[in-house]
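Below: one structure, written as structure tokens.
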Amino acid sequence: MSDSSIPAEDAAATAGIGFDDVADETRDIAEVPAVELIATVAIHLMSSAAVHLGLAEEGDETTDLDEARKVISALAGLLQGSLPYLGDHHARPLRDGLRSLQLAFREASTIPDAIGKGPGEEFTGPVFG
């Protein structure tokens, strides 16, 4: 049986939450505008990338460039796919943040990627400092 064929009541019980809780969360998420949801997810991805780049208070303890590469690429894909819906007001700060993370990745790498081959550059094009 695939996950998609599990009734919502059974999925909620398996997860240890009540069906009413799932229904409430579904109603809540339905009220969130898509642009706000996209921006929120993008900010979470940015925060994760910053931590993996060692830019958090913990510094080198959390540095993991492989994880940072994955998150930055996911962020770039999300933003590129969402640009037609975000509008300049929402897109500009998210794109600036992405670019900053891409540059921080290049700086943190001991063996820099070729221009255009860094994380997310397949979506954004080459990033120059």
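Can you tell me which residue in the stretch 113-129 is nearest to the chain's Cα centre (by Cα), limited to those that are surrounded by fewer than 15 Cβ atoms within 10 Å (Cβ to Cβ) and in contact (Cβ under 8 Å) with a residue 12 or more places away in the chain?
Top of the filtered list is Glu122.
Here are some conditions: (1) within 15 Å of the chain's Cα centre (by Cα); (2) part of a helix (DSSP H, G or I). Ala104 meets all but one. Which one does it not meet?
(1)
Mind checking which pairs have a first residue in the stretch 84-104 that is among the polar types (S, T, N, Q) and a second that is buried (at least 18 other Cβ atoms within 10 Å of the Cβ) and outside any helix (DSSP H, G or I), Cβ under 7 Å, 6 or more apart or different chains?
Gln102/Gly118; Gln102/Pro119; Gln102/Gly120; Gln102/Val127
Looking at the stretch 78-95, which of the residues that are of a type in the set (Gly, Ala, Ser) and closer than 14 Å to Leu45 by Cβ is least open to solvent (accessible area, probe 1.4 Å)?
The qualifying residue least open to solvent (accessible area, probe 1.4 Å) is Ser82.
Listed residues Leu55, Leu75; which is part of a helix (DSSP H, G or I) and either at pLDDT 95 or above or open to solvent by 50 Å² or more (accessible area, probe 1.4 Å) (or both)?
Within the list Leu55, Leu75, the selection yields Leu75.
The values are calculated or read from the model by the stated rules, or taken from the named source; none is laboratory data. Treat the numbers as computed from the prediction; the structure is a model and nothing was measured. Using ideal geometry, Cβ is built from the backbone for each residue, glycine included, and neighbour counts are taken over all protein chains shown. For the accessible areas, the whole protein counts, side chains as well, though only heavy atoms, and no ligand, DNA or RNA atoms are used. Shrake-Rupley method; radii C 1.70, N 1.55, O 1.52, S 1.80 Å.
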